[in-house]
Amino acid sequence: MSVSMFIQTLNEEKNLHRCLDSLCWSDDIVVLDSLSTDSTAEIVKGYGGRFYQRPYDGRANNQNWAVENIDFKYPWVWYVDADEVTTSELAKEIQQVTSDPGRPEVAYYVRRRNVLFGKWLKHGGQYNVWLARLWKPDNIRWERAANPVAKIDGPIGYLQNDFVHYFFSKGFHGWFDRHNKSSTFEALENIKAIDAGDIDWRGLVSRNPRRRRDALRRFSYHLPARPLVMFLYMYLLKAGFLDGRAGFTIAMLKAMYEYEICLKIKELHRRDRGLPV
């Protein structure tokens with residue numbers, strides 16, 4: 001065994017059993033909790049996991065605190081959220097790459113399969129999104145409070161198998177509640193990016209999907225009618241319509257999320273100028 005498990009939680013009693021059952025191949029489960037009020041702590045301890053708590057102040061801050069303050073048992077860490085499941089095929093691949101001491105990689109990127117209405121969203125930009133989820137704690141840090149970007153010191157690799165993300169497991173109420181909070185952090189990041197004027201023009205046509213996605217996000221901060229652009233991008237340009245009702249729903253929800261961010265940016269600007277909201 002050479003891999004520790006890392007999970008961030010906030011009132012995840014509904015999801016934890018499924019998530020932890022998929023991680024039973026590790027004997028070091030570490031949970032960083034954001035002051036849950038349900039039975040999250042009892043469930044984690046029932047699986048023999050270690051339980052830490054701190055107030056939530058953004059994903060990047062949470063994750064940086066974890067790698068700087070938690071003594072993981074193993075040199076590698078596999079990070080999942082409570083509403084995600086690690087497939088048996090992916091678990092075998094993780095164990096294979098981390099058991100080879102000759103590999104130079106210090107982090108691996110992996111894709112996720114988002115599920116809505118029991119359907120895997122293959123289109124609309126929901127797949128082929130690479131996330132840094134397997135890493136050595138000494139070689140990684142994150143930036144941005146919302147949708148953090150990994151900064152990795154050393155060679156990276158890519159895993160072939162996916163994990164599964166049930167991002168509506170708490171229903172639409174849970175999705176709106178989570179994105180209401182994250183849109184505030186995203187609005188602050190938007191303002192910083194707009195003020196800095198940092199558009200990665202070359203990144204817009206880069207062959208690296210991670211750089212291209214990040215460049216598109218930063219470019220979108222400067223666009224008018226962002227919610228409409230988001231919907232058209234996901235539903236038409238990225239063929240979200242091929243996912244049927246689920247594809248239309250997620251495109252609408254993402255457009256609403258962008259509108260929420262835009263409203264909060266305007267609110268923050270008005271507050272800075274001493275104007276009524």
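The values are calculated or read from the model by the stated rules, or taken from the named source; none is laboratory data. Since the model is a prediction, treat every value here as computed from it, not as a measurement. Positions of Cβ are backbone-derived with ideal geometry, glycine not excepted, and every protein chain shown enters the neighbour counts.
Being within 15 Å of Val164 (Cα to Cα) and either crowded, with 22+ Cβ neighbours inside 10 Å or at pLDDT below 95 (or both) is the filter here; which residues of the range 6-19 pass it? Within the range 6-19, Ile7, Asn15, Leu16, Cys19 meet the criteria. Considering Ala239, Ala146, Ala193, Ala225, which residue is touching a Phe, Trp or Tyr at 6+ places or on another chain (Cβ under 8 Å) and either assigned by TED's automatic domain parsing to the domain that holds Val115 or at positive phi (or both)? Just one listed residue meets the conditions, Ala146. The residues of the range 61-101 that are within 18 Å of Leu20 (Cα to Cα), hydroxyl-bearing (Ser, Thr, Tyr) and surrounded by fewer than 16 Cβ atoms within 10 Å (Cβ to Cβ), listed by number, are Thr87, Ser88. Quick check on the range 239-251. Is at least one of its residues among the aromatic types (Phe, Trp, Tyr), touching a residue at least 12 places away in the same chain (Cβ under 8 Å), surrounded by 12 or more Cβ atoms within 10 Å (Cβ to Cβ) and touching a Pro at 6+ places or on another chain (Cβ under 9 Å)? Looking for residues that are among the aromatic types (Phe, Trp, Tyr), touching a residue at least 12 places away in the same chain (Cβ under 8 Å), surrounded by 12 or more Cβ atoms within 10 Å (Cβ to Cβ) and touching a Pro at 6+ places or on another chain (Cβ under 9 Å), one finds none in the range 239-251, hence no.
The single condition from (1) more than 30 Å from Gly118 (Cα to Cα); (2) outside any loop (DSSP other than H, G, I, E, B); (3) not aromatic (Phe, Trp, Tyr) that Met230 fails is (1). Considering the range 29-60, the residues that are under 23 Å from Ser183 (Cβ atoms) and among the polar types (S, T, N, Q) include one that is surrounded by the most Cβ atoms within 10 Å (Cβ to Cβ), namely Ser36.
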